[in-house]
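Throughout, read-outs are computed from the coordinates displayed, never taken from laboratory work. Just so it is clear, the structure is predicted and the values come from calculations on it, not from any experiment. With ideal geometry, Cβ positions are generated from the backbone for all residues, glycine too; neighbour counts draw on all protein chains shown.
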Amino acid sequence: MNLYNTKTRTIEKFVPNNESEVTMYTCGPTVYHYAHIGNLRSYIMEDVLEKSLNYVGYNVKRCMNITDVGHLSSDSDSGEDKMLKGAMREHKSVMEIAKMYTDAFFDDCKSLNIKKPEIVVPATSEISTYIKIISKLLDTGFAYKASGNVYFDTSKLQDYYTLTNHQIDDMVVGVRESVEYDENKRNQADFVLWFTKSKFENQELKWDSPFGTGYPGWHIECSGISLKYLGEYLDIHCGGVDNIFPHHTNEIAQSESYLGHEWCHYWFHVEHLNDESGKMSKSKGEFLTVSLLKAKGYNPLAYRLLTLASHYRKQLVFSYDNLDSFQNTYDKLINKINIIRENISGEFDKDNFDLYNSKFIDALSNDLNTSSMLTVLYDVVKSDINSYTKIELIKNFDKVLGLDLLKSDNEFTNEEINLIESKIEERNKAKADKNYKRADEIRDELKEKGISILDTREGTKYRRI
Ligand code: AMP
Ligand code: ZN
């Protein structure tokens, strides 16, 4: 499998440290609000990566943190604490906010067929791990105390900016955000490992430590959790492109100084999904969540399909027109597959199975070329190979694509079937009478009941939204 590696800026053949198990770390959500569909683009692509590795035969051990402490809203160490901000907004405690949005995040993942990683660790549960790492960094001179906080000394590293192409002046912490400069730092790029001097008087979560009562910086949680659960040699580390700097840059600095050797070789970053006005936001404009898409009548898997149609390293702009067209494509695809299933015939055709399956593997091995993977799927659907073999191929491809291509649409009660069919009949009559207003009303009535209908050459099909 070939993958683009942010660290070497090239597409490389993926070679894990241990062929029997690939270790994969994913930066998890900051649970101060719902995830927007941009965040979820990153998680969909990481899910496709994990499932692709499984598809080519690797056993994957995957870990994700839940950021429930320490994530400041700007790159500066003096920004606002995101969790505290969420708790204040909703008049709840930080832990209540964390629980509520962690649950909401995994509900969204479920709707999008994103598999929950085998190991999920809230940042607040590993404080002693961070203390152990920070203590060693202090002992070995990679960290220093200043005015109550513990900082990482970036001047101790040969190549702090190993993940980025940027020059130091473009990247210094604080400059981009035009926030106050932290006078306690020895170097502009230094970052906090442990805070005791919080500018937030009502900081709820604090722990005792050898460096004073306080709380960890944001970056140390991922180093700590990854080292504890996945060991000293990590195969792949993932996140959105905004994580490259400062978060992942700082993770590398801490982890490799702590370990004394390279920690993770492959760095996988997903480009952003933007809205038409630019950067996607949780506070300005329409807050694009999975629940909003559902409320508007879209199937979340139509959004998954939309993301799969583009390469993960290209920026993507979200629009409802685009989502409409993917909803349509999705419905048609499911409809075609249902027709294949209804007319199943033939025997397993190994030659054609191997031919299309190897095309699919070529596409995923080519730096996760999801749009080519979809092309192979469409080619199978329209090919003239027998329907039994088609379904076998679709079943396999869906292990990676996660589009519920073969989920039964017919999980309706008899009562529901009677109602839907009588509505469809009424609608057909209305259309025949050219009463399109009534026909649309019936479509909307069914939509309200969570049922979408699709007119096809074979008649009107229906499914749950
Ligand atoms: P956060 O909850 O802010 O920690 O972000 C969760 C994940 O979403 C991280 O991997 C981010 O890099 C990623 N992310 C943030 N914004 C976007 C976006 N607009 N498009 C894609 N991924 C994003
Ligand atoms: Zn992280």
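Counting only helical runs of four or more DSSP H residues, what would the 222 nm mean residue ellipticity of the chain come to if each run contributes -39,500 (n - 2.57) and the total is spread over all its residues? Let's see the in-between values first.
Numbers: 15 runs with 201 residues, N = 465.
Mean residue ellipticity, 222 nm, calculated: -14000 deg cm²/dmol.
Pop a pseudo-label 7 angstrom from the Cα along the beta-carbon direction at both Ala432 and Glu286 and give the gap in nm to one decimal.
Modelled inter-label distance: 3.8 nm.
Evaluate the distance, in nm, between pseudo-label points positioned 7 Å from the Cα of Glu445 and of Lys132 along their respective Cα→Cβ axes.
Each label point is offset 7 Å from its Cα along the Cβ direction, giving 6.5 nm.
Counting DSSP beta bridges in the chain, what percent are antiparallel, to the nearest 5? Write down the numbers at each step before the final one.
On the way: 22 of 44 bridges.
Within the chain, antiparallel bridges account for around 50 percent of the total.
What is the extension gain from Glu80 to Ser345, computed as 0.36 nm multiplied by their sequence separation minus the C-alpha to C-alpha distance, in nm to one decimal?
On the way: separation 265, 0.36 × 265 = 95.40 nm, distance 6.19 nm.
Contour length minus the Cα-Cα distance gives 89.2 nm.
With point charges of +1 on the Cβ of Lys and Arg and -1 on the Cβ of Asp and Glu, referenced to the Cα centre of the chain, which listed residue (Ser93, Ser383, Asn17) lies farthest in the positive direction of the dipole?
Farthest towards the positive end: Ser383.
Compute the acute angle (0 to 90°) between the alpha-carbon long axis of helix 94-111 and the principal axis of greatest extent of the alpha-carbon atoms of the chain; round to the nearest 10°.
Value to nearest ten degrees: 40.
Sorted by mean Cβ packing within 10 Å, highest first, what order do the peptides 149-155, 386-392 take? Spell out each step's value before the answer.
Values: 149-155: 21.3, 386-392: 18.4.
Per-residue Cβ counts within 10 Å, averaged per peptide and sorted highest first, yield 149-155, 386-392.
For Asn414 and Lys92, what does the FRET efficiency come to when R0 = 30 Å and r is the distance between their Cβ atoms, rounded to the nearest 0.05? Can you show the working numbers first?
Working: r = 44 Å, r/R0 = 1.47.
Rounded to the nearest 0.05, the efficiency is 0.10.
Relative to the longest principal Cα axis of the chain, at what angle does helix 320-342 sit, 0 to 90 degrees, rounded to 10?
On a 0 to 90 degree scale, this one is about 50.
Name the long-range amide H neighbours of Asn149: under 5 Å, sequence gap of 5 or more, or other chain; modelled H, no Pro or chain starts.
The answer is Thr196, Lys197.
To the nearest 10 degrees, how steep is helix 436-448 against the longest Cα principal axis of the chain, on a 0 to 90 scale?
50
Please list 3J(HN,Hα) in residue order for region 289-303, calculated via the Karplus relation 6.51 cos²θ - 1.76 cosθ + 1.60 where θ = phi - 60°; whole Hz, with x for glycine and proline.
Couplings: 10, 5, 4, 5, 4, 5, 4, 7, x, 8, 8, x, 6, 5, 5 Hz.
Rounded to the nearest 0.05, what FRET efficiency is calculated for Ser387 and Lys99 with R0 set to 60 Å and r the Cβ-Cβ distance? Don't jump to the answer; show the numbers that get you there.
Details: r = 47 Å, r/R0 = 0.78.
Approximately 0.80, to the nearest 0.05.
Taking the Cβ of Ile131 as the centre, find all other residues whose Cβ is under 15 Å away and add up their charges (Lys, Arg: +1; Asp, Glu: -1).
On the way: positive: Lys132, Lys136, Lys145, Lys206, Lys228; negative: Glu126, Asp139, Asp208, Glu221.
Here the charged neighbours net out to +1.
Would you mind counting up the charge near Tyr258? Only other residues with Cβ under 10 Å from its Cβ, with Lys and Arg at +1 and Asp and Glu at -1. Could the numbers behind the result be given before it?
Details: positive: Lys132, Lys136; negative: Glu232, Glu256.
It works out to a net charge of 0.
Using a Förster radius of 25 Å, what is the FRET efficiency between Val15 and Leu355 based on their Cβ-Cβ separation? Nearest 0.05, please.
Working: r = 27 Å, r/R0 = 1.09.
Efficiency computed from Cβ-Cβ geometry: 0.40.
Among Lys132, Lys82, rank each residue by its count of other Cβ atoms within 10 Å, from fewest to most, as a rough exposure measure. Don't skip to the answer; put the middle values down first.
Numbers: Lys132 15, Lys82 23.
The most exposed by this proxy come first: Lys132, Lys82.
What size of dipole, in debye to the nearest 20, comes out for the chain about its Cα centre when the only charges are +1 on Lys and Arg C-beta atoms and -1 on Asp and Glu C-beta atoms?
Working: 58 positive and 72 negative charges, 138 e Å.
Using Cβ point charges on Lys, Arg, Asp and Glu, the chain gives about 660 debye.
Provide the net charge surrounding Glu50, with neighbours chosen by a C-beta distance below 9 Å and charges set as Lys +1, Arg +1, Asp -1, Glu -1. Intermediate results must be reported in sequence, preceding the final value.
Working: positive: Lys51, Arg62, Lys115; negative: Glu46, Asp47.
Net charge around Glu50: +1.
Return the percentage of antiparallel bridges among DSSP beta bridges fully within region 1-110, rounded to the nearest 5 %.
Working: 5 of 11 bridges.
Around 45 percent antiparallel, to the nearest 5.
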